[in-house]
Amino acid sequence: MSNHRNIGNPQPGYFKTRLVKNGPWVAARIWRECQCTIGGSVPHVSRPSCDRSGWLMAKVNGIEADPFKVWINTPITKQEFDYFMATKQWAEESAPFMPEANPRKAVDINELPVPTF
């Protein structure tokens, strides 16, 4: 992704953001979801064979979001996006005390558990 992005023209990509000041990083994504007539009315990611331009869609931490608000965040790679999403799932399932399990809460270092080795 170029360092010179047109702020008024969101494009598909992967991003990281925080839901609150001093919160953990969370994954965000923008993509085009096609509404074409080829292959029935099943929504799908826009592809070259589509007969209509896709609508911009976005999610932050797995929740629908405004593509314009996602676009202003820090771009990341697909691998980083996958890492953030996997960390979120792991924290929710296995470590509810970790900041990634509650990203709407600012991180207080005094509340984090002491690592044991």
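The values are calculated or read from the model by the stated rules, or taken from the named source; none is laboratory data. The structure displayed is predicted, hence computed values, not measured ones. Here Cβ is always computed from backbone atoms with ideal geometry, including for glycine, and neighbour counts include all displayed protein chains.
For the reader, a short list of remarks on this structure follows.
- When residues of region 100-117 are limited to those that are closer than 14 Å to Asn22 by Cα and touching a helix residue (DSSP H, G or I) at 6+ places or on another chain (Cβ under 8 Å), the one modelled with the lowest pLDDT: Leu112
- Within the option set Ala86, Ala91, being small (Gly, Ala, Ser), under 16 Å from the mean Cα position of the chain (by Cα) and at pLDDT 85 or above holds for one residue only, Ala86.
- For region 96-117, a residue qualifies if it is of a type in the set (A, V, I, L, M), more than 16 Å from Asn61 (Cβ to Cβ) and outside any helix (DSSP H, G or I), and the qualifying residues are Leu112, Val114.
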